[in-house]
Amino acid sequence: MNLDSEFRGVPVEEAIFYARLGLQLELFTLSDISDWVDEVLLHEENPDDVFLGFYRILHTNKLEVPAYLRNLFPDTFFTVRPALGWLHRQLISGTWPMSQLIRSLYRLRTLVRADVEVGWIYGLAADYDRAVAAAPEAMLEVEQDTEAFLACYQDYTFGNRSYWQSLDLLLEQRWSNLRH
């Protein structure tokens, strides 16, 4: 994923939150993060000091990157719905196995805000666990349900973040159209 274009125009605090989240969900690699920091430092006239420290850690001890990100703006929280959109893109691209997608989705269970989202995440994880031991048709149903749930978030991109409040209002309708 090209994080430079993804996070262009996003405030530093928010970009760091999503970079940390992307690493936790295994959507981003340290290489993706390093490329992003390099781009910021190369193209920003006055890059935020955060990126200078980030660059130093990326090039001296990559193992410290998760801790560095955790310590930057530790009390900052933003909606995780764009991450659900990223997971949707991973699913439809077919590049991830269902096990990895469900594992990443499950990591969001304590970060989503709506009870409906929590319920769907727990339900999909449980359905996946049952389907692994069952017939292939059961996994197909889990895949379809996962795709339907994540499709509710496909429009959450940083390019249209000014519409996120409107998208939030549409979510209840989208959730009601999901099969239970």
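The values are calculated or read from the model by the stated rules, or taken from the named source; none is laboratory data. Computed from a prediction, not measured in an experiment: that's the story for all the values here. Neighbour counts are summed over all protein chains in view; Cβ atoms, including those assigned to glycine, are modelled from backbone coordinates with ideal geometry. Heads up: the accessible areas ignore ligands, DNA and RNA and are worked out on the full protein's heavy atoms, side chains in. Shrake-Rupley method; radii C 1.70, N 1.55, O 1.52, S 1.80 Å.
Residues of the range 69-91 being open to solvent by 10 Å² or more (accessible area, probe 1.4 Å), of a type in the set (Val, Ile, Thr) and at pLDDT 95 or above, which ones? Passing the criteria: only Thr79. Summed over the range 155-173, residues that are surrounded by 15 or more Cβ atoms within 10 Å (Cβ to Cβ) and in a helix (DSSP H, G or I) total 5.
Could you list, in sequence order, the residues of the range 97-121 that are assigned to a loop (DSSP other than H, G, I, E, B) and surrounded by 13 or more Cβ atoms within 10 Å (Cβ to Cβ)? Within the range 97-121, Leu108, Arg109, Leu111, Val112, Ala114 meet the criteria.
Of the candidates Asp38, Asp32, Asp49, Asp4, the single residue that is more than 23 Å from Gln90 (Cβ to Cβ) and either of a type in the set (Lys, Arg) or surrounded by 15 or more Cβ atoms within 10 Å (Cβ to Cβ) (or both) is Asp38. Annotation note: Cβ proximity below 8 Å between a residue of the range 122-151 that is in contact (Cβ under 8 Å) with a residue 60 or more places away in the chain and more than 17 Å from Leu108 (Cα to Cα) and a residue that is among the small types (Gly, Ala, Ser) and outside any helix (DSSP H, G or I) (sequence gap 6+ or interchain) occurs for no pair. Filtering the range 132-154 to residues that are farther than 21 Å from Glu26 by Cβ and either crowded, with 18+ Cβ neighbours inside 10 Å or in contact with an Asp or Glu (Cβ under 6 Å, 6 or more places away or on another chain) (or both) leaves Asp145, Cys152.
Flag set for Leu124, criterion: surrounded by 13 or more Cβ atoms within 10 Å (Cβ to Cβ), more than 24 Å from Ser34 (Cα to Cα) and at pLDDT 95 or above. Looking only at the range 44-96, residues that are outside any loop (DSSP other than H, G, I, E, B), free of Cβ contacts under 8 Å to residues at least 60 places away in the same chain and aliphatic (A, V, I, L, M) come to 10 in all.
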